[in-house]
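Worksheet: one structure, shown below.
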Amino acid sequence: MNGLKKTLLGSVFAALALGGAATAQTIAIQGATLVTGTGAALPGATIVIQNGIVTAAGTGAAVPAGATLIDGTGKTVTPGLFVSSSDLGIDEVSAVPQTNDSKAENTDFAVAYDPSYSVNPASTLLPLARVGGVTRAVVMPAAAFGDGAHTHEVDTAGHVEEPMFHGQPAVIHTGAAPDILVRTRIGVALPFGESAASNAGGSRSLTVAILKTALEDARHYAANKAAFNQGGTRDYSLSRQDLEALQPVAKGEAPLFLAVSRAADIRLALRLAKEEKLKLVLLGVEEGWIVADEIAAAGVPVVVKPTTNIPNRFEIQRARLENAALMEKAGVTVIITTTADGHYANQVRFEAGTAVAHGMPKDKALAAITSRPAAVFGVKDAGVIAVGKPADLVLWAGDPLEPTVLAEKVFVNGTEQSLQTRARALEQRYLNR
């Protein structure tokens, strides 16, 4: 056991040492295909990193004297990848409740539940995501994403005693650092469909009634805080903490993240957003291709998992592998993610590859895991490779959408990261005895 501890601690110290060295030098990657995150790929490009900042990115860029040269011939440089719905940092082993902070069942703090307070920067899943090129992730409270993750079959039939709201998502980075929070409380998440009907008492109509009541109460509370503090207001459906947390959504300043699958439910979500003047982001959207024109007209971005095509629930009977491509063609802002389980965060590029294989243009699929989520979730220093921004990028051995291609170098916030994982450390310990 002591040997294992030394191995793992050594990996951590090596990562910290590597990061410190990387930010103090000049690095030039030459001859690579550059994918900036905002357009077509640029072959034969040079990317220069000085003190952790991108100082040149393009063809014909000058290389400073004394720079450490990296041959990028036949390789690809992309922005760090974005996972847009995950439990990274808040769920280590799903079967061990003590390591799982992804779900709050206290109905008095359903909206106010802020998973950022539970984020563990030492999670062993963060390096695992990082070796897959992931440098940013939206920490989404459990059951908010519409792919069935964290939801059991018994939860979809009858009434379940759990809150309808699932808290406030946050954004983290995956670098080795004591504080990995990027943005907190970026909106409010809740399921909307079968599981929401279950939480509401068995009916989708009750879901709408409860949500409308909560929004009405939040607005009334905001206009009558003084009276509330003196006990002079009517009773509200939510606690004071939840009413406060719901304010940005009720005012249209922050998005409501709705996990929704069925075409009819998507239409209902769009109608609700219009009636309540809400800013909306749709998650799951497995039948989105059916109502793609309506989603596009509403200007609502969607977060999808392209490999979802097996109708394991009634609400996704018409799921298909072309879903992302068809919505993209209709003009929807499509963002690609993978299953919410942090163990699979490193597979987000495979989801993008699946979308490409079924009709989505490659540059759009790459944008869907880089620049688009960065823009939608308000992370200004990620998602693109541009002069003046911190180096948040990945050097791939080839095409990043090919499963056999590996990341060779990963920079997060200008610091080169170790690609050592706990699994690799264990492998080295026991195979090299």
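The values are calculated or read from the model by the stated rules, or taken from the named source; none is laboratory data. Quick caveat: nothing in here was measured; it's all calculated off a predicted structure. Note that we place each Cβ from the backbone using ideal geometry, even for glycine, and neighbour counts take in every protein chain shown. With ligands, DNA and RNA removed, areas are computed over all heavy atoms of the protein, side chains included. Shrake-Rupley method; radii C 1.70, N 1.55, O 1.52, S 1.80 Å.
What the table shows:
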read-out: Residues satisfying the stated conditions in region 279-290, i.e. aliphatic (A, V, I, L, M), more than 18 Å from PRO373 (Cβ to Cβ) and surrounded by 22 or more Cβ atoms within 10 Å (Cβ to Cβ); value: none
read-out: Region 226-262, residues that are in a loop (DSSP other than H, G, I, E, B), at pLDDT below 95 and of a type in the set (A, V, I, L, M, F, W, C); value: LEU238
read-out: Filter pass, ARG267 being of a type in the set (D, E, K, R), open to solvent by 20 Å² or more (accessible area, probe 1.4 Å) and part of a helix (DSSP H, G or I); value: yes
read-out: Filtered residue count, region 41-88, keeping only those that are in a loop (DSSP other than H, G, I, E, B), more than 30 Å from PRO115 (Cα to Cα) and among the charged types (D, E, K, R); value: 1
read-out: Selected residue (criterion: nearest to VAL384 (Cα to Cα)) from residues of region 56-70 that are small (Gly, Ala, Ser) and within 33 Å of the chain's Cα centre (by Cα); value: ALA57
read-out: Inter-residue pairs, beta-carbon under 8 Å, first aromatic (Phe, Trp, Tyr) and in region 105-131, second surrounded by fewer than 19 Cβ atoms within 10 Å (Cβ to Cβ), 6+ apart; value: PHE109/SER239; PHE109/GLN241; TYR113/ASN106
read-out: Top-ranked residue in region 372-414 [being among the β-branched types (Val, Ile, Thr) and within 21 Å of the chain's Cα centre (by Cα); ranked as most open to solvent (accessible area, probe 1.4 Å)]; value: VAL376
read-out: Test: residue in region 343-355 that is open to solvent by less than 40 Å² (accessible area, probe 1.4 Å) and outside any helix (DSSP H, G or I); value: no
read-out: Test: residue in region 307-326 that is among the basic types (Lys, Arg), closer than 24 Å to THR78 by Cβ and either open to solvent by 10 Å² or more (accessible area, probe 1.4 Å) or without any contact (Cβ under 8 Å) to a residue 60 or more places away in the chain (or both); value: no
read-out: Members of region 327-342 found to be assigned to a helix (DSSP H, G or I) and either surrounded by 24 or more Cβ atoms within 10 Å (Cβ to Cβ) or touching a strand residue (DSSP E or B) at 6+ places or on another chain (Cβ under 6 Å) (or both), listed by number; value: MET327, GLU328, GLY342
read-out: Among (1) closer than 24 Å to ALA296 by Cα; (2) crowded, with 20+ Cβ neighbours inside 10 Å; (3) not hydroxyl-bearing (Ser, Thr, Tyr) - the single one LYS364 does not satisfy; value: (2)
read-out: Wholly enclosed helices (runs of 4 or more DSSP H) of region 357-433 bearing at least 2 residues within 23 Å of VAL171 (Cβ to Cβ) and either without any contact (Cβ under 8 Å) to a residue 60 or more places away in the chain or of a type in the set (A, V, I, L, M, F, W, C) (or both); value: 362-367, 371-376
